[in-house]
Amino acid sequence: MAKPENDPKTPLGARIRDVRRKLGDLDRADFAEKLGISKNTLAYYERGERTPDAVILAIYNELFGVNINWLATGKGEMFDAFGGVRMTAQVDAELLERLHDRVAAIYHDVGQKPPQRRIAREAANLYNELAKAVQDMNDQEMIEAALPMVTLEFKRRLQRAAEEPGTGKRSAS
């Protein structure tokens with residue numbers, strides 16, 4: 001059984017720990033491996049017992065889109081302005097499967113039979129739209145609330161495309 005994590009001694013340590021938690025509360029050893037540091041070094045940073053150098057801060061930005069200014073000072077947003085797209089280090093496979101099923105059903109509803117790769121691509125696009133709409137992809141209640149909105153937008157987009165002449169998306173009937 002893992003030891004409980006101690007509270008950070010510094011605001012920087014708290015922010016470093018908050019990033020890992022925001023990214024899905026990954027195991028400290030797994031997260032440290034992604035950063036290219038040891039589990040113990042990450043623990044020192046998160047407890048505020050050591051301060052990471054600029055190279056480590058840059059890795060947080062490069063791998064996860066963490067705003068370095070926020071990480072160092074607490075000012076601004078946790079993630080860069082692009083909406084934290086890079087932060088989706090782990091995809092919820094079950095949610096992606098549900099999105100795939102919804103996309104396939106919507107295509108069926110509008111009378112289209114796209115290849116499976118198109119359905120998979122649109123499911124990934126819906127996942128990204130959900131990630132933009134929901135701050136915490138671990139918050140199932142918010143995901144369930146936002147899901148009808150993003151799927152309706154997708155359905156309307158398909159319907160508009162089918163109505164436009166020359167798109168090749170009209171029903172054969």
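The values are calculated or read from the model by the stated rules, or taken from the named source; none is laboratory data. These figures come from a predicted structure and were not determined experimentally. Cβ: placed from backbone, ideal geometry, glycine included. Neighbour counts: every protein chain shown. Just so you know, the surface numbers come from the protein's heavy atoms only, side chains and all, with ligands and any DNA or RNA stripped out. Shrake-Rupley method; radii C 1.70, N 1.55, O 1.52, S 1.80 Å.
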**Request:** Putting +1 on Lys and Arg Cβ atoms and -1 on Asp and Glu Cβ atoms, find which of 78, 124, 137 reaches farthest to the positive end of the dipole of region 1-153.
**Result:** 78
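Kindly rank 113-121, 46-54 from highest to lowest mean number of other beta carbons found within 10 Å of each residue. Can you show the working numbers first?
Numbers: 113-121: 12.4, 46-54: 16.2.
Those peptides, ordered most packed to least, come out 46-54, 113-121.
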**Prompt:** For the chain, what relative contact order do you get, as a whole percent, if you take Cα pairs closer than 8 Å and at least 6 residues apart?
**Reply:** 16 percent
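Send over a whole-number figure in Å² for the accessible area per residue of region 6-164, probe 1.4 Å. Each step should come with its number before you reach the end.
Working: 9180 Å² over 159 residues.
Heavy-atom accessible area per residue stands at 58 Å².
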**Item:** Ranked by how many other beta carbons lie within 10 Å on average, peptides 124-130, 33-39 from highest
**Value:** 124-130, 33-39
**Message:** If you only keep lysine pairs separated by 8 or more in sequence, or across chains, how many in the chain come under 26 Å at the Cα atoms?
**Reply:** 18
**Complete:** The ³J(HN,Hα) series, computed from each phi in region 97-109 with the Karplus coefficients 6.51, -1.76 and 1.60 at θ = phi - 60°, rounded to the nearest Hz and given as x for glycine or proline, is 5, 4, 5, 4, 4, 5, 4, 4, 5, 5, 4, 4, 4
**Prompt:** Do you know the relative contact order of region 88-162, to the nearest whole percent, from alpha carbon pairs under 8 angstrom that are 6+ apart?
**Reply:** 33 percent
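If I take every Cα pair under 8 Å that is 6 or more residues apart in region 24-83, average their sequence separation and divide by the length, what percent do I get for the relative contact order? Spell out each step's value before the answer.
Numbers: 39 pairs, mean separation 10.6, N = 60.
It comes to 18 percent, rounded to a whole number.
At 0.36 nm per residue, minus the direct Cα-Cα distance, what do residue 159 and residue 144 gain on full extension? Give it in nm, one decimal, please. Walk me through the numbers on the way to the answer.
On the way: separation 15, 0.36 × 15 = 5.40 nm, distance 2.34 nm.
Stretched fully, the residue 159-residue 144 segment lengthens by 3.1 nm.
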**Request:** List the residues whose amide H sits under 5 Å from the amide H of residue 50, counting only those 5 or more places along or on another chain, with H placed 1.01 Å from N in the peptide plane.
**Result:** 45
**Message:** Compute the helix-to-body angle for 54-64: its Cα long axis versus the longest principal axis of the chain, expressed 0 to 90° and rounded to tens.
**Reply:** 20 degrees
**Complete:** Whole-Hz Karplus couplings 3J(HN,Hα) for region 69-74, θ = phi - 60° and coefficients 6.51, -1.76, 1.60, Gly and Pro as x, run 4, 4, 4, 6, 10, x
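Roughly speaking, to the nearest percent, how much of the chain's 1.4 Å accessible area is carbon and sulfur? Before the final figure, lay out the partial values.
Working: 5210 of 10710 Å².
Roughly 49 percent of what the probe reaches on the chain is carbon or sulfur.
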**Fill in**
Which of [x] 102, 39, 24; [y] 57, 43, 23; [z] 69, 35, 27 gives Cα extents along the principal axes in Å as computed here? It is [z]
**Amide H partners (placed H, <5 Å) of residue 79, local residues excluded** = 67
**Request:** Could you check the simple spin-label distance between residue 128 and residue 91, using points 7 Å along Cα→Cβ, in nm with one decimal?
**Result:** 1.1 nm
**Complete:** For residue 6 and residue 108, extending 7 Å from Cα along the Cα-Cβ vector and measuring point to point gives, in nm, a value of 5.6 nm
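Rank by packing, highest mean first: peptides 5-18, 150-163, with packing defined as the count of other Cβ atoms within 10 Å averaged across residues. Present the calculation step by step, with values, prior to reporting the outcome.
Numbers: 5-18: 16.6, 150-163: 14.8.
For the peptides 5-18, 150-163, the packing ranking is 5-18, 150-163.
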